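A.B. asks: I'd like to ask some things about the structure below.
The values are calculated or read from the model by the stated rules, or taken from the named source; none is laboratory data. As the structure is a computational prediction, the values presented were derived from the model and not from experiment. Neighbour counts are summed over all protein chains in view; Cβ atoms, including those assigned to glycine, are modelled from backbone coordinates with ideal geometry. Surface accessibility is based on the protein's heavy atoms, side chains included, excluding ligands, DNA and RNA. Shrake-Rupley method; radii C 1.70, N 1.55, O 1.52, S 1.80 Å.
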Amino acid sequence: MREHVRPSVTRVEDVTANASGENFPVALRMLPARYRRHLTNLYFFARLTDDLGDEAQAQVQVQVQVQAQPSEGAGKSTTATSADVSDLRLALLDELADDVRRSYDGGTPESPVMRAMAQTAAECGVPAKPLLDLIQANRQDQVVTRYRTFAELGQYCELSANPVGQIVLYIFGVATPERVALSDSICTALQLAEHWQDVAEDLGNGRIYLPSADMEACGCTEADLAAATAGPAVRELIAFEVDRAERLLDHGAPLVGTLRGAARLAVAGYLAGGRAALAAIRGQQYDVLTGTPRPRKQRLAGELVKAYVRGR
């Protein structure tokens, strides 16, 4: 039970302890301190939001009255344990959304993580919508566990990933409609790469992000995804989806060339993280069921240098 996953009490240290190897914070340590602070605040906010949607749990004690037969007396009571996890998580996400709105209405957020993010939003001119979109994506995770088409999955990524890139552009003071469009392509690809890495983990949580139309086209079933090792249909499907994510990365890559200095380094880092993640999946022969493919540090560094120098 993750008792600390509550907006009003979760501390930065708690979020850090639960952080895993996502594809986002690649070049963070190499950036000037003024940017690191804001990007760290963003990362912790996004991480907390994901924790509320994925980790928060509660045990609810329910008293159940059982009517006894007349010969057994008046009756007896037993105690059963149940958990309405989705309702709990939706309530916590609503609590965080209220905190976001409170900060934009001039109030003081209750969440320690949101108080830090509110400082970043005020100093960098970050609008409320990207923050609320991240929360909405996690609300959607509580009620939508399958996607029929890639277009539907893309709409989910518009909420779950693209806002991160948009906020990054605001943090560096370089947000324009053209750059946002390129960033959206990169961030959607990063989200897809993470989904393809985590097929087994997501299935364990009752979710499948692979579009069912693509699964059918490759002859892949949910039972195939539950196997210990990826069979031919799963490998064909993942290869198809990896290629698709790579095309999105390539489409957004010219964003790097429009930037200079720390902004260029940061975005090159995100791009490198996506390319290295996809390379790791390929290096595992598209078998994402035996273990999560993780990028090698040398590959990450090489991709970062290439993206920064080439500007794409």
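A.B. asks: Tell me whether region 102-116 contains one or more residues that are part of a helix (DSSP H, G or I), β-branched (Val, Ile, Thr) and modelled with pLDDT of 95 or more.
C.D. replies: Within region 102-116, not a single residue is part of a helix (DSSP H, G or I), β-branched (Val, Ile, Thr) and modelled with pLDDT of 95 or more.
A.B. asks: Looking only at region 217-232, count every residue that is part of a helix (DSSP H, G or I), open to solvent by 50 Å² or more (accessible area, probe 1.4 Å) and more than 18 Å from Asp243 (Cα to Cα) and tell me the total.
C.D. replies: 3
A.B. asks: Tell me, which residue of region 157-168 that is without any contact (Cβ under 8 Å) to a residue 40 or more places away in the chain and either touching a His at 6+ places or on another chain (Cβ under 6 Å) or assigned to a helix (DSSP H, G or I) (or both) is most open to solvent (accessible area, probe 1.4 Å)?
C.D. replies: Per the stated criteria, the residue is Glu158.
A.B. asks: Out of the residues in region 259-304 meeting the condition of being modelled with pLDDT of 95 or more and open to solvent by 60 Å² or more (accessible area, probe 1.4 Å), tell me which one is farthest from Glu194 (Cα to Cα).
C.D. replies: Arg260
A.B. asks: Considering only region 215-266, how many residues are closer than 25 Å to Val144 by Cβ, touching a residue at least 60 places away in the same chain (Cβ under 8 Å) and more than 22 Å from the chain's Cα centre (by Cα)?
C.D. replies: Residues meeting the conditions: 2.
A.B. asks: To continue, here is another question. Go through (1) within 19 Å of Arg260 (Cα to Cα); (2) within 13 Å of the chain's Cα centre (by Cα); (3) of a type in the set (Phe, Trp, Tyr) for Tyr209 and report which single condition fails.
C.D. replies: Here Tyr209 meets the rest and fails (1).
A.B. asks: To continue, here is another question. Can you tell me which of (1) under 15 Å from the mean Cα position of the chain (by Cα); (2) of a type outside the set (Lys, Arg); (3) over 30 Å from Ala227 (Cα atoms) is the one Asp141 doesn't meet?
C.D. replies: Every condition holds for Asp141 apart from (3).
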